[in-house]
1. Figure the gain on full extension for ASP247 and THR312 (residue separation times 0.36 nm, minus the Cα-Cα span) and round it to one decimal in nm.
2. What's the extension gain from PHE14 to GLU77 if we count 0.36 nm per residue and subtract their Cα-Cα distance?
3. Once the mean 1/r over all distinct Cα pairs of the range 246-304 is inverted, what Kirkwood radius in angstroms do you read off?
4. For a quick check: sort ASP350, ASP280, ASP63 by the number of other beta carbons within 10 angstrom, fewest at the front.
5. Over its Cα atoms, what ratio of radius of gyration to 2.2 N^0.38 Å does the range 199-309 give?
6. Looking only at the chain, where both bridge partners belong to it, what percent of the DSSP beta bridges are antiparallel (to the nearest 5)?
7. Please list, ordered by chain and number, the residues whose modelled amide H lies under 5 Å from the amide H of ASN222; skip anything fewer than 5 residues away on the same chain.
8. Report, in degrees rounded to the nearest 10, the 0 to 90 angle that the Cα long axis of helix 122-137 makes with the longest principal axis of the chain.
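Throughout, read-outs are computed from the coordinates displayed, never taken from laboratory work. Predicted model, so just to flag it, every value in this text is computed and none were measured. Here the Cβ positions follow ideal geometry from the backbone for every residue, glycine too, while neighbour counts run over all protein chains shown.
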Amino acid sequence: MTIAPAASTSALSFDPADPVALTQALVRCPSVTPEEGGALALLATALAAEGYEVHRPVFSEPDTPNVENLYARIGSEGPVLIIAGHTDVVPVGDAAAWTREPFAGTIENGILYGRGACDMKGGLAAMAAAAIRYRRANPDAPGSIAFLVTGDEEGPAVNGTVKLLEWAHRRGERFDHCILGEPTNPATMSDMIKIGRRGSLTGRLTVQGTQGHVGYPHLADNPIRGMVRLLAALDATPLDTGTAHFDPSNLEVTTLDVGNPATNVIPAQAKAVFNIRFNDVWTPETLAAEIERRLREAAGNTVRYEIGFQPTNAVAFLTEPGPFVAMVADAVAAETGKRPALSTTGGTSDARFIKSYCPVVEYGVVGKTMHQIDESVAVADVLALERITHRLLASYFAAQHNA
């Protein structure tokens, strides 16, 4: 691990308490994973100028790219509220298909366009602007605000948040709660707070057969029949019926291949890949054991197969509804007029790492265009998220002061 130099604290050309200007500035940084692209440097400059102690650790791992990260904190006492997120973005894809330049941060008709505008530079900018505005007005507020920002969320997620948390913990940093600014809302800013995430487990199944001529099937063994039998067994009975906060776990076959270009040849083997998004009924280990049990029973003594599971750090978790979750929901309701649903839907996020250090809740902008051509965020949503976060900060630290 190395420490990148902190950015200069020279004045920015805009006020970082302006969430729209900060979003535009971040979008203009081409920070496609694992490139920093200037995004972390910009955020470091903004926070350092406001009195934050800023660190930029760089983490490494064999066979993975080095990744720059950012940790910043203002305040020396508890409670410590983390604002977490990522500045890295997915590639633009076909740049010619974009109707606006992907890294220009163009605003038209109240919509801010650019790669990362939705996922999640708009959310991170809104929360950073809110934190800056809050501390400017409350320089002696109790407690601390910390930023935990990675450049490796859209990539392997090896040299990012998981190592940044370990690094901070070794330094003696302790956290009380976290708000992660992923784009959680399906349609409007009042829709949804994420209080948990499902886990993810990928399995690779191979069924062995004996290659032969289709005209002489008695001299061959078609592996496709065995594969169909095994996949049917995996899908025959639901893995579970869900829980109070989670939908039922679901298994989806994502590839099925025999690699056979000939129409008159029985193939030698068939391969399938499946992914399971699982709830808190399971751990990766118990789920893998259940899959292996189903395969053994279905295969009997007639189907020859191998099953392997990819290593996973995506486990199911839940932040139990309580005072902190209620405080976030209250802030959303106060600014939007509607109380959001508490959800555990969707894919994985870096919350799966943060949950081991403190309770974490996800809330951000509307996520309709994440990873799409012409990714965008409504300016009104960025402004709303800034107000919601500011209200949350005021409530959170007021509660500590009055405790």
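1. Full extension of this stretch gives 21.4 nm more.
2. Separation in residues times 0.36 nm, less the Cα-Cα distance, equals 19.7 nm.
3. Values: mean 1/r = 0.0717 Å⁻¹.
Result for the range 246-304, one decimal place: 14.0 Å.
4. Final ranking by Cβ density, sparse to dense: ASP63, ASP280, ASP350.
5. On the way: Rg = 15.8 Å, N = 111, 2.2 N^0.38 = 13.2 Å.
Against the compact-globule rule of thumb, the ratio is 1.20.
6. 70 percent
7. Those lying under 5 Å, H to H, from ASN222 are THR210.
8. Roughly 30 degrees, rounded to the nearest 10.
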